[in-house]
Amino acid sequence: MKTAIDMYCQYLLSTQVNYTCTYFADHLQGLSHDSVHRFLRDEKLTPRLLWEKVSPHLTQSSRAFVIFDDTVLDKRHSQAIGMVRRQYSGNAHGIIKGIGVVNCLYLDPINQQFWLLDLRVFDPQTDGKTKLDHVLDMLRSLKARQVLFQTVLMDSWYATTDLMKYLMKEGKTFYCPIKSNRKVDDTSGQEPYKPVDELPWSEQEVEQGKLVKLHKFPLDVKVKLFRVEVSTHRTDYIVTNDVAQNATQAVKETCGLRWCVEQLHREEKQLTGIERSQCRLARAQRNHILAATLVWTRLKSLAYAYELTIYQLKKGLLDQYMNQQLVNPAICYA
């Protein structure tokens, strides 16, 4: 039996704890481990397949949000898996060995649904691209596909001059935190640039934000800066090119929408086995990652249709087994 993409995705959707090629072959008659290995080794699945699967479910809106963020697939115990490199993981709060994936999420504000539109595996040793290069590639892809959206939300890692300039050129709005040592000028050139956390703030500016010029930005381009108290121990500095925005609370709520991408990362890791493949080849890892995102897309579409969580859908696969075992157990206790 020859392994196909639909078969492999069905396996990832159905299995609960084991995501290895051997386990797959052991539970499908006529399928060999070598067949699964050849599929992952030889196929070349691309993010275009993800777009083809998700586009029919997408309700596009000119008010939609696009969210960029990256995640690290934990491979800290690996010794010879391709594309694994030491990098910072927000989930682990430190440097770990893993595979970096940059995701592009679409948030539909009308139906309150979010979908993964695109992704890029971070492998600079192979393609020479930074995470910022991948974000720009995905933005150009969205433009080519004529995807409707207005606002881009991203982490401080992506708050670079080049990316902000690109979004402004394309007529898009962005909201993103900047690092506390990012230099800005709020005096219209009367004083030198200073780190953002050293700026004075009046009571009105705390509530409504202030116009600033970012260091190395064009002289005639200013952005709106907001100081957002996230907690008693954390203050974020948010910049946006929406200079008409004058409410810090609204900025906080808008940036809070970025939580959707963290939900995506958690669901993928807990329910699709996206970081559980033990294949060593880089191509096999890429194919597994793409297949896992297709499984997440399928689960998400069903969850929206049935008004359930994808956890209820995935764990619900065990209900029939439990019912059967309680009535007619395969292994009796007494």
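The values are calculated or read from the model by the stated rules, or taken from the named source; none is laboratory data. Just so you know, these numbers come straight off a predicted model, no measurement behind them. When we count neighbours, we look across all protein chains shown, and the Cβ atoms used for this are built from the backbone with ideal geometry, even at glycine. Quick note on the areas: whole protein, heavy atoms, side chains included, nothing else; ligands and nucleic acids left out. Shrake-Rupley method; radii C 1.70, N 1.55, O 1.52, S 1.80 Å.
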Problem set entry | Calculated from backbone phi, Karplus (6.51, -1.76, 1.60) coupling profile of the stretch 256-265 in Hz, x at Gly/Pro | x, 5, 5, 4, 4, 6, 5, 5, 4, 4
Problem set entry | At R0 = 45 Å, FRET efficiency that the Cβ-Cβ distance of E229 and K143 yields, to 0.05 | 0.80
For this session: Report, for the chain, the % of DSSP beta bridges that are antiparallel, rounded to 5.
Result: 85 percent
Exercise. Hey, got the dipole for the chain? About the Cα centre, +1 on K and R Cβ, -1 on D and E Cβ, debye to the nearest 20?
Worked result: 880 debye
Exercise. For the chain, what does -39500 (n - 2.57) per DSSP helix run (n ≥ 4), summed and divided by total residues, give at 222 nm, in deg cm²/dmol to the nearest 500?
Worked result: -11000 deg cm²/dmol
Problem set entry | Residues with amide H under 5 Å from that of D70, placed H, sequence gap 5 or more | N103
For this session: Past 22 Å, Cα to Cα, is the threshold; run K53/K300; K131/K300; K179/K222 against it and keep the listed order.
Result: K131/K300
For this session: Can you tell me the alpha carbon radius of gyration of the stretch 242-334 divided by the globular rule-of-thumb value 2.2 N^0.38 Å?
Result: 1.63
Problem set entry | Residue-by-residue Karplus 3J(HN,Hα) for the stretch 191-198, coefficients 6.51, -1.76, 1.60, Hz, glycine and proline x | 10, x, 4, 9, x, 4, 7, 9
Seminar exercise, completed: Scoring the chain by relative contact order with C-alpha pairs under 8 Å, at least six apart, yields a percentage of 19 percent
Exercise. Just by accessible area at a 1.4 angstrom probe, what is the order of L257, L318 from largest to smallest?
Worked result: L318, L257
Problem set entry | Probe 1.4 Å, accessible area per residue of the chain, Å² | 53 Å²
Problem set entry | Sorted largest first, extent of the stretch 54-199 alpha carbons per principal axis (Å) | 56, 38, 27
Problem set entry | Nearby aspartates and glutamates by direct alpha-carbon distance to K216 (threshold 15 angstrom, same-chain neighbours under 8 apart not counted) | D162, D185, D186
Exercise. How about the stretch 175-268: which trypsin sites (Lys or Arg not before Pro) there are in a DSSP loop, with at most 11 other Cβ atoms within 10 Å of their Cβ?
Worked result: K216
For this session: Output the relative contact order of the stretch 194-334, whole-number percent, from Cα pairs under 8 angstrom with separation of 6+ residues.
Result: 13 percent
For this session: Mind giving me the FRET efficiency for L219 and H57? R0 is 51 Å, r the Cβ-Cβ distance, nearest 0.05 is fine.
Result: 0.70
Exercise. Which is the longest part of the chain that has none of the chymotrypsin sites (Phe, Trp or Tyr not before Pro) sitting in a DSSP loop with at most 16 other Cβ atoms within 10 Å?
Worked result: 1-200
Problem set entry | Extension gain (nm, one decimal) between L317 and T130, 0.36 nm per residue minus Cα-Cα | 63.4 nm
Exercise. Per 5 Å bin, what is the whole-percent P(r) computed from every C-alpha pair distance within the stretch 128-189?
Worked result: 4, 14, 25, 25, 17, 8, 5, 3, 0
Exercise. Along the stretch 296-306, what does the Karplus equation 6.51 cos²θ - 1.76 cosθ + 1.60 (θ = phi - 60°) give for ³J(HN,Hα), rounded to whole Hz, x for Gly and Pro?
Worked result: 4, 4, 5, 4, 5, 5, 5, 4, 5, 5, 9
Exercise. Counting pairs of alpha carbon atoms under 8 Å apart in space and at least six apart in sequence, what relative contact order in percent does the stretch 1-102 give?
Worked result: 19 percent
For this session: Identify, among C279, L199, A250, the residue whose Cα sits farthest towards the positive end of the charge dipole of the stretch 139-281, taking +1 on the Cβ of Lys and Arg and -1 on the Cβ of Asp and Glu, with the dipole about the Cα centre.
Result: C279
For this session: Report, in whole Å, the centroid distance computed from the Cα atoms of the stretch 4-56 and the stretch 101-173.
Result: 27 Å
For this session: Name the long-range amide H neighbours of F122: under 5 Å, sequence gap of 5 or more, or other chain; modelled H, no Pro or chain starts.
Result: G100, V101, V102
For this session: Could you pull out every residue, at least 5 positions away or on a different chain, whose amide H is within less than 5 Å of the one on L45? Hs are placed 1.01 Å off N in the peptide plane, and Pro or chain starts have none.
Result: none
